[in-house]
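The values are calculated or read from the model by the stated rules, or taken from the named source; none is laboratory data. Remember, it's a predicted structure, so these values are computed and weren't measured experimentally. Every residue, glycine as well, gets a Cβ built from its backbone with ideal geometry; the counts of neighbours run over all protein chains shown.
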Amino acid sequence: MASSILSGSDNFKLLSGISPSGSSFLGSELNLKCLPQKGFVNLRATRTLRPTKCSLSASRPASQPRFIQHKKEAFWFYRFLSIVYDHVINPGHWTEDMRDEALEPAELHARNLQVVDVGGGTGFTTLGIVKHVDAKNVTIIDQSPHQLAKARQKEPLKECKILEGDAEDLPFPTDTFDRYISAGSIEYWPDPQRGIKEAYRVLTIGGVACLIGPVYPTFWLSRFFADVWMLFPKEEEYIEWFKKAGFTQVKLKRIGPKWYRGVRRHGLIMGCSVTGVKPYAGESPLQLGPKVEDVSKPVNPFVFLMRFLLGIMAASYYVLVPIYMWIKDQIVPKGQPI
Ligand SMILES: C[S@@+](CC[C@H](N)C(=O)[O-])C[C@H]1O[C@@H](n2cnc3c(N)ncnc32)[C@H](O)[C@@H]1O
């Protein structure tokens, strides 16, 4: 599986719109299109710098909600998607080998670690966690009871604590968990910085947060659908959110389905795994204003329907992309770029 790693110390380079090159993922077509075929690349070790479109292409700020980057809409989206979620989403975007690679930086090296899986949904990522940690020490939280109902049916998760709750307002005391994991949920959070601040709060000192999420596409059509649908943060935004929340040793590892052959122009739904360590006990030093979304505010049903339909359209596009990439992988001779 293709993967590479960026460290938080590269932050200034990324924020100024340039990214390390000299490694094969940038070499072929720039724009963060390609990853190395195998293994880790420590980009701190590379020297030549070239601009990336990826860091310049977001058409609106990450704080501005996309159509389904909204708690109520995400709730309804998963009301229906949960029926087919495990059969449709994971095989195309979030495969078992990707999951295991993405969880590696979380350092799940002891069975007695206390772990929370935020936005745990049907428990697909939790199944990867309980390979390393006793299920009784794992808590799954999600805002969708329909997704959680699927997790409850899974035998290896029978001993996990499973509860409903909001990633931006976790119902746990400060300094509770050794590990915070969240996979594929940030794209729905109206205020991602608040969610990452919460990650910091609920961890114990020295605890590790591991947040897995999509990356912003460079291909124009994929960018359009990403923008109307939900949040596809840029890599530098992930790093910035972690650092602002107070995390140290912030690292970003690129992940993707292996049949993409490292191509990243469509903005992989599961595009990176970001980790950081909590250096001090207590709450995050970051102060934030009021919540972005007022869930108690009534929603115009017509506006809701339009947003919902647009979300479905974009979701359909992103169901087709991995199929298209898989066909390309079958047709184009091995070793050639696709
Ligand atoms: C793509 S699924 C990922 C599920 C699971 N982590 C996995 O790896 O398959 C996203 C999940 O995030 C949940 N979610 C979205 N917004 C949330 C929020 N604000 N708080 C808690 N969960 C949320 C959704 O209900 C959904 O189950």
Between a first residue in the stretch 72-101 that is free of Cβ contacts under 8 Å to residues at least 60 places away in the same chain and under 16 Å from Lys253 (Cα atoms) and a second residue that is part of a helix (DSSP H, G or I) and of a type outside the set (D, E, K, R), which pairs have beta carbons less than 7 Å apart while being 6 or more apart in sequence or on different chains?
Asp100/Gly128
Result of the Cβ filter at 8 Å on the stretch 122-138, keeping first residues that are free of Cβ contacts under 8 Å to residues at least 60 places away in the same chain and partners that are near the ligand (Cβ under 9 Å from one of its atoms) and part of a loop (DSSP other than H, G, I, E, B), at least 6 apart or interchain, is Phe124/Trp94; Thr126/Gly120
State the number of residues belonging to the stretch 77-88 that are more than 9 Å from the ligand (Cβ to nearest atom) and either buried (at least 17 other Cβ atoms within 10 Å of the Cβ) or under 19 Å from the mean Cα position of the chain (by Cα) (or both).
1
Is it the case that the stretch 143-154 has a residue that's closer than 26 Å to Met313 by Cα, within 17 Å of the chain's Cα centre (by Cα), within 9 Å of the ligand (Cβ to nearest atom) and touching a residue at least 24 places away in the same chain (Cβ under 8 Å)?
yes
Go through the stretch 101-122 and give me each residue that's within 11 Å of the ligand (Cβ to nearest atom) and part of a loop (DSSP other than H, G, I, E, B).
Gly119, Gly120, Gly121, Thr122
Taking the stretch 240-267 on its own, how many of its residues are surrounded by 24 or more Cβ atoms within 10 Å (Cβ to Cβ) and under 16 Å from Pro285 (Cα atoms)?
4
Odd one out for Tyr280, checked against (1) crowded, with 22+ Cβ neighbours inside 10 Å; (2) part of a loop (DSSP other than H, G, I, E, B); (3) hydroxyl-bearing (Ser, Thr, Tyr)
(1)
Which strands (runs of 3 or more DSSP E) sit wholly inside the stretch 164-256 and have at least 3 residues that are within 16 Å of the ligand (Cβ to nearest atom), closer than 15 Å to Gln114 by Cα and in contact (Cβ under 8 Å) with a residue 12 or more places away in the chain?
177-183
Filtering the stretch 283-303 for residues that are over 25 Å from the mean Cα position of the chain (by Cα) and either closer than 21 Å to Gly267 by Cα or surrounded by 11 or more Cβ atoms within 10 Å (Cβ to Cβ) (or both) leaves a count of 1
Taking the stretch 196-242, which residues are among the small types (Gly, Ala, Ser) and on the phi < 0 side of the Ramachandran plot?
Ala199, Gly207, Ala209, Gly213, Ser222, Ala226
When the stretch 79-100 is examined, which residues are found to be assigned to a helix (DSSP H, G or I), within 17 Å of Val321 (Cβ to Cβ) and at pLDDT below 90?
Leu81, Val88, Ile89, Asn90, Pro91, Gly92, His93
Of everything in the stretch 123-142, what is more than 13 Å from the ligand (Cβ to nearest atom) and either at pLDDT below 95 or of a type in the set (Asp, Glu) (or both)? Give them in sequence order.
Asp134
In this structure, does Leu49 turn out to be at pLDDT 70 or above and touching a Lys or Arg at 6+ places or on another chain (Cβ under 8 Å)?
no
